[in-house]
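Heads up, the thing below is written out as structure tokens.
The values are calculated or read from the model by the stated rules, or taken from the named source; none is laboratory data. Note that the structure is predicted; figures quoted are calculated from it, not measured. Here the Cβ positions follow ideal geometry from the backbone for every residue, glycine too, while neighbour counts run over all protein chains shown.
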Amino acid sequence: MLAQRAGGIRVETLWPYLIVGGLAPGVSQICLTFAVRSAGAARTAIVMGSAPMLSVLIAFAALEEPIRPDVLAGTLAIVLGASALAFERGRAQRSHTRGALLAGICATLFAVRDNLLRSLATGGHAAPFTAATATLLGATAVIGLYMLCATPATTTAQIGRTFVRFAPAGAALAVGYGFLLTAFARGRVGVVSPLNATGSLWAVALAALAFRRTEQIGRATLAAAILIVIGGVTIGASG
């Protein structure tokens with residue numbers, strides 16, 4: 001019998017989530033870390049807010065989801081919000097460009113992830129939080145492999161200290177992924193993905209509170225975040 005069970009869970013249905021997790025948040029998390037280092041948390045989150053446009057286009061082509069005018073308008077508002085960052089002044093251009101490029105890679109990986117998760121969720125492969133666990137295990141494997149190759153001299157003590165410092169962020173990510181997979185099981189990519197991107201506003205708000213001096217959040221940054229939220233609300237209201 002090929003099907004294997006562990007505590008009532010069909011193990012053979014989880015391998016697609018391991019692969020998806022290896023892409024995002026696996027590879028994407030590595031790019032995200034360097035993007036934040038180059039461009040800052042707020043700007044990285046806003047550039048990543050362009051992911052819904054890619055998600056909607058992929059869903060239209062691969063999943064045959066409809067693109068209604070209101071969904072398209074909301075998605076375009078999100079993309080315009082991300083584009084508003086181009087009008088910023090006083091930032092180190094080289095660092096800004098490198099960070100934006102890495103954030104763009106993250107956005108692409110998230111768009112692919114959203115559509116793969118939606119496809120898997122509609123097929124009833126696994127319960128949302130079980131699937132989220134498998135996804136994060138795939139991400140952990142990829143990031144662990146990266147650490148072994150990129151930082152072979154890292155000691156166990158250093159890994160332990162890093163784990164303690166980032167454990168709260170990891171816990172928040174795990175819970176968020178569970179709810180995200182639940183949303184994909186019940187809603188279209190064209191609705192869920194743009195609403196998920198409104199997290200850019202909260203990233204800007206928290207960055208303004210915690211890193212006011214280093215983030216240098218100005219009018220263009222605020223305009224970008226507001227446009228992204230307007231787009232998310234438009235799509236949410238239409239869903």
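Set side by side, the residues Gly144, Gly176 differ, and just one is surrounded by 13 or more Cβ atoms within 10 Å (Cβ to Cβ) and at pLDDT below 90, which is Gly176.
Listed by first and then second residue, the pairs with beta-carbon distance under 7 Å, at least 6 apart or on different chains, first residue in region 22-38 and farther than 8 Å from Ala139 by Cα, second among the β-branched types (Val, Ile, Thr) and surrounded by fewer than 21 Cβ atoms within 10 Å (Cβ to Cβ), are Gln29/Ile143; Ile30/Ile143; Cys31/Ile105.
When residues of region 184-193 are filtered for being at pLDDT 75 or above and either crowded, with 24+ Cβ neighbours inside 10 Å or of a type in the set (A, V, I, L, M) (or both), how many remain?
From region 184-193, those at pLDDT 75 or above are 184-189, 191-193; that's our starting set.
In the following step, the residues that additionally are either crowded, with 24+ Cβ neighbours inside 10 Å or of a type in the set (A, V, I, L, M) (or both) were identified as 184-185, 189, 191-193.
So the count comes out to 6.
The set of residues in region 151-168 that are in a helix (DSSP H, G or I) and more than 23 Å from the chain's Cα centre (by Cα) comprises Thr156, Ala157, Gln158, Ile159, Gly160, Arg161.
Taking (1) of a type outside the set (Asp, Glu); (2) surrounded by fewer than 20 Cβ atoms within 10 Å (Cβ to Cβ); (3) under 25 Å from Arg113 (Cβ atoms); (4) in contact with an Asp or Glu (Cβ under 8 Å, 6 or more places away or on another chain) in turn, Ala208 satisfies each apart from (3).
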